[in-house]
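The next block holds one structure in the form of structure tokens; read it before the comments.
Only the coordinates and a few stated rules stand behind these numbers; no lab work does. In this text the structure is predicted, and so the values were computed from the model without any measurement. Every residue, glycine as well, gets a Cβ built from its backbone with ideal geometry; the counts of neighbours run over all protein chains shown.
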Amino acid sequence: MLEAASRLIERDGLDALNTNRIAELAGVSIGSLYQYFPDKHALLAALARREIAAVSQQVLAVLAGPAPAAPGDRVRAIVRAVFGVFGARSQVQRQLLERALGPGTALPGNMTHGLITALLSGAGVTTHDGGRRQLTTIEAFVLTQAFAGVVRAALIHLPEPKDRQAIEEALVRLVLGFFAGAGAPGAPARQSAP
């Protein structure tokens with residue numbers, strides 16, 4: 001059913017989507033569709049969760065992966081994973097993403113933020129020099145939300161490829177600067193970064 005909905009959105013647009021057309025293309029009765037999705041909005045939310053889960057898995061894998069070769073490599077890998085998954089999507093899928101990532105949504109993006117915050121403050125990440133770096137829960141929360149906010153805005157506003165490169169570099173500077181200054185006020189700067 002989700003695949004049928006995706007094909008219909010791609011072909012006819014988000015506004016033309018309805019449950020009868022989805023059921024017909026999926027080869028199921030409308031009653032069967034309603035057993036899983038009470039309405040079109042529930043189905044759109046499931047599609048959005050699927051999109052966000054795909055990129056979330058990649059982000060978490062990068063965070064938990066081996067040490068980066070150079071400072072900022074992990075950040076670049078995360079940004080490229082996100083832009084790679086969503087950057088090639090059609091305009092209609094971008095509209096779906098915009099709805100999913102908009103303010104006030106309670107989709108897996110918020111769950112992922114919690115997982116990333118927990119990873120950064122619990123297990124930490126491996127730094128380019130092979131060490132482990134942990135943030136406090138508050139530091140991890142602030143960094144995760146700041147990073148996600150920039151990425152969300154970039155995806156919604158669809159920057160040109162050249163602009164994405166500049167956004168990537170700005171995010172690398174943001175994260176490296178954050179890690180360098182993380183810790184208690186007045187604490188010496190830390191040199192290792194993801």
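Observations
- Across region 12-25, rounded Karplus estimates of 3J(HN,Hα) from the backbone phi angles (6.51 cos²θ - 1.76 cosθ + 1.60, θ = phi - 60°) give 10, x, 5, 5, 7, 6, 8, 5, 4, 5, 5, 4, 4, 5 Hz, Gly and Pro being marked x.
- Pairwise label distance in nanometres, Glu10 with Lys40, each label 7 Å out on the Cα-Cβ vector: 2.0
- Per-residue ³J(HN,Hα) for region 134-140, Karplus 6.51 cos²θ - 1.76 cosθ + 1.60, θ = phi - 60°, Hz, x for Gly and Pro: 10, 9, 5, 4, 5, 4, 5
- The stretch between His157 and Gln57, if pulled fully straight at 0.36 nm per residue, gains 33.7 nm over its current Cα-Cα span.
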